[in-house]
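Single-structure report; data block below.
The values are calculated or read from the model by the stated rules, or taken from the named source; none is laboratory data. Model, not experiment: these values are computed from the prediction. Every residue, glycine among them, receives a Cβ derived from its backbone with ideal geometry; neighbour counts consider all protein chains shown. In case anyone asks, the SASA skips ligands and DNA or RNA and just uses the protein heavy atoms, side chains included. Shrake-Rupley method; radii C 1.70, N 1.55, O 1.52, S 1.80 Å.
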Amino acid sequence: MSDAKRGQWGSKVGFVLAAAGSAVGLGNMWKFPYITGENGGGAFVAIYLVCILLIGLPIMIGEVVLGKMTQKSPVGAFAELAGKRSPWVGVGWLGVITGFLILSYYSVVAGWAMHYVFLSVTGTFANVSPAELGQVADHFDALKANPGLNVLWHVLFMAITIGIVLAGVQKGVEVAARVLMPALLGLLIMLVLYATSLPGFGPAFDFVFGLHTERLTGAGVLEALGHSFFTLSVGMGAMLTYGSYMKRDDDVVSTSITITALDTAVALLACLALFPITFTFGMEAGAGPGLVFQSMPTAFAQMTGGSVWSTLFFLLLTFAALTSAISLLEVVASYFIDELGWKRIQAVAVTGAAITLFGIPSALGALDVFGSGMEEAIGHSWFGLMDYLTSNWMLPLGGLGLSIFVGFRIREVERAHAVADGSPLGGVLPLYLGWLQLLRFAVPAAIVAVVLHALGVL
Ligand code: PFF
């Protein structure tokens, strides 16, 4: 497709909003707190922050640069710069497949969030007596045990995502992110303020920020690395695809920094809102994927106007998931639009339907074949396997390819221009060179080291 016919952001902030919308999602409020809980808190959080700063951010800049330079989606971007038959195109392919797999289970969790909007609106978390407070968490088990309900919400969420992506780049995504991001931040800050009044705040703060290094494992370090990719939406070409809708003089560097800072703030605020509740009400920090759905409603059930707060929280969680899901589907659909010349409507409908179908086993976790039976056999449910493979292996592998490619395979003049055009920071030579060194050496070395460590080789 020619450049003229491709979508471009409607305004300078269009990219920032959409990319922030992609980054901030279930990863921040659902996954980060629960894996922090499972990995013992502070030391895991510290490793995660190091990964974000030294690995995730440099890769994000590299990805956006690649998109901005080529104005293509992942496969096309590699094909243009390395040649259609080059093995580098495989990195683009890996991204498309990763996006497909992530969305297939991501949508199931987003469906849970929608179900909780429904539960909240219908007053499930209002007027709960102290004696019954312990049962609030049971709603999650009831949902998990109901395969039909899981499938229903999953299909509904996918239908909404498909509808928005069909509307094109600018309209859907920019509008959604402009209103919802500040609302989400505002609500989280209020919830953290509430949490400071709980007796569990002190222990929670120590749990999240105290360095209890003895609790950290090699698998935990790999998970922190994988999650830094997942939460920033890097390693599979989502940021590359959004960067491809940028104009020449759009600022890559400060926008990447803004997005990373915002994403990290949301993740940490989510922990500071959630763990005080967990500790106050004697819940399990390592409760797993149900954590946010069990702890937050328990607090809402105690508040005056609990239904309203609860509805607002899960509505914003759903919207945050939606702006991320949009970027996942966009990567998969763009391949068919840009490389195979499909019409947008056809590409989005076909890939969206395929992802919906492929996600059904994830939604059917209550059935033994996809749930406990699989878990006994291979250590993961279907849902867990999708998450484990994509976050811990495919995104870091994609990130490794991207960093080496952007670091070594692009012409210096073009790379420097793409970074510096429109970007005051990108034009500062020591900063540019520092970024390039990170991308060329530190990032690949760190990824390889963590992976080898997880495999028990190092
Ligand atoms: N970053 C999203 C989140 O934290 O929920 C998930 C995600 C979106 C991952 C887009 C990867 C991606 F390309």
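So that you can scan it fast, the table gives a plain yes or no per residue for (1) within 22 Å of LEU329 (Cα to Cα); (2) of a type outside the set (D, E, K, R); (3) open to solvent by 20 Å² or more (accessible area, probe 1.4 Å); (4) near the ligand (Cβ under 10 Å from one of its atoms):
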{"site": "VAL234", "(1), (2), (3), (4)": "yes, yes, no, yes"}
{"site": "GLY237", "(1), (2), (3), (4)": "yes, yes, no, yes"}
{"site": "TYR242", "(1), (2), (3), (4)": "yes, yes, no, yes"}
{"site": "ARG248", "(1), (2), (3), (4)": "no, no, yes, no"}
{"site": "SER256", "(1), (2), (3), (4)": "yes, yes, no, no"}
{"site": "THR260", "(1), (2), (3), (4)": "yes, yes, no, no"}
{"site": "CYS271", "(1), (2), (3), (4)": "no, yes, no, no"}
From the set of residues in segment 7-53 that are under 22 Å from TYR105 (Cβ atoms) and not in a helix (DSSP H, G or I), which is most open to solvent (accessible area, probe 1.4 Å)? ASN39
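Which residue out of SER391, SER381, SER423 is of a type in the set (Ser, Thr, Tyr) and closer than 16 Å to THR98 by Cβ?
One residue alone meets the criteria, SER391.
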Given (1) in a helix (DSSP H, G or I); (2) farther than 17 Å from LEU328 by Cα; (3) away from the ligand (no atom under 11 Å from the Cβ), number of the condition GLY56 does not satisfy: (3)
Can you name every residue in segment 338-388 that is open to solvent by 20 Å² or more (accessible area, probe 1.4 Å) and within 27 Å of LYS84 (Cα to Cα)? ASP338, GLU339, LEU340, GLY341, TRP342, LYS343, ARG344, ILE345, GLN346, ALA349, VAL350, ALA354
Inspect segment 216-224 for any residue being closer than 17 Å to ILE447 by Cβ, within 16 Å of the ligand (Cβ to nearest atom) and not charged (D, E, K, R) and give the result as yes or no. yes
Of the residues THR70, THR36, THR98, which single one is in contact with a Cys (Cβ under 7 Å, 6 or more places away or on another chain) and hydroxyl-bearing (Ser, Thr, Tyr)? THR36
When you scan segment 273-376 for helices (runs of 4 or more DSSP H) that lie fully inside it, which ones turn up with 2 or more residues that are more than 26 Å from LEU119 (Cβ to Cβ) and either of a type in the set (Ser, Thr, Tyr) or within 16 Å of the ligand (Cβ to nearest atom) (or both)? 306-334, 344-363
